[in-house]
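None of the figures in this text is laboratory data; all of them are computed from the coordinates on show. Model, not experiment: these values are computed from the prediction. Using ideal geometry, Cβ is built from the backbone for each residue, glycine included, and neighbour counts are taken over all protein chains shown.
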Amino acid sequence: MLQFAIRFAVLEDTLPSRSAKIPPSLKKRAAQIQVVLMDVDGTITDGSVTLLSQPDGSALEMKTFDAHDGQGMTLGRTAGLRLGVITGRESAALRRRMQEMGVEFVYEKQPHKIAAFEQVLVKAGVSATAVAFLGDDLPDIPVMKLAGLAVAVGNAAQEVKDIAHYTTKANGGKGAARELIELILKSKGVWDKLIDKARA
């Protein structure tokens, strides 16, 4: 039995001010992005791993996804961004949610993420400068060092924040992915045009 939940957060508490000016150097990086890759646990979830014991002795894993992140992914795809996740874990709930979101690149069971990152570059036909990566913990650092736009979630490990080009105001699983996608689309100058295309 597959279970997952979508959290509805208060948008004003998680996303940066819409009037906040993007620094020129960050805007230049973000405007080049064509592919957005993300870790999963601690980035598009809050990092919790909930296991429900089953009568047969197995355990059912539950994951919680944020609805605003989902809307951001949908708008990103509408704008032509290609999306992907690279995670060390394996989860049926993740695969279900990524299918719903139309996420193109899904790499599970990747304790070392560089190989998957390089495969995405080949499949997407882009250079690393055209890729953003959203991470939260130490295993994400090698890939973040390669990405054109390295982004840490608000509650990421300090070492991750230290090498990031940008740290979101939102914590992982609470709008960080949405904030990253908004940053990219605003830097490209297309955000305002996409607002009317938002759908439930």
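A few notes on this one:
- A helix-only calculation puts the chain at -10000 deg cm²/dmol for mean residue ellipticity at 222 nm, using -39500 (n - 2.57) for each DSSP H run of at least four residues, averaged over all residues.
- Take every pair of alpha-carbon atoms less than 8 Å apart whose residues are at least six positions apart; their mean separation over the length of the chain yields a relative contact order of 30 percent.
- Counted charge near Arg89, where neighbours are those whose Cβ lies closer than 9 Å (Asp, Glu -1; Lys, Arg +1): -3
- The H on the amide N of Arg82, modeled in the peptide plane, is under 5 Å from the matching H of Val35, Val36, each at least 5 residues off or on a different chain.
- Computed from phi, the 3J(HN,Hα) profile of region 35-51 under the Karplus parametrisation 6.51, -1.76, 1.60 (θ = phi - 60°) reads 10, 10, 10, 9, 5, 10, 5, x, 10, 9, 10, 7, x, 5, 10, 9, 10 Hz, with x in place of Gly and Pro.
- Averaging Cα coordinates gives a centre for region 159-200 and one for region 38-99; these two points are 17 Å apart.
- Among beta bridges that DSSP assigns inside the chain, antiparallel share in %, nearest 5: 15 percent
- Three-way shape label, region 91-144, alpha-carbon gyration tensor, a/c 1.5: oblate
- For the chain, built as a Gaussian network whose Cα springs stay under 10 Å, the top-fluctuating residue of Met144, Met101, Met73: Met101
- Cα shape, region 144-200, gyration tensor, a/c 1.5 rule: oblate
- Listed residues Arg178, Arg77, Arg89, most fluctuating in the chain (Gaussian network, C-alpha, under 10 Å): Arg89
- The Cα atoms of region 110-186 give a gyration tensor whose axes a ≥ b ≥ c have a/c of 1.5 or more with a/b no greater than b/c, which makes the shape oblate.
- Sequence-distant residues sharing a close amide H with Asn155 (under 5 Å, placed H): Gly172
- Max mean-square fluctuation residue, GNM over the chain, Cα-Cα springs under 10 Å, options Leu149, Leu60, Leu37: Leu60
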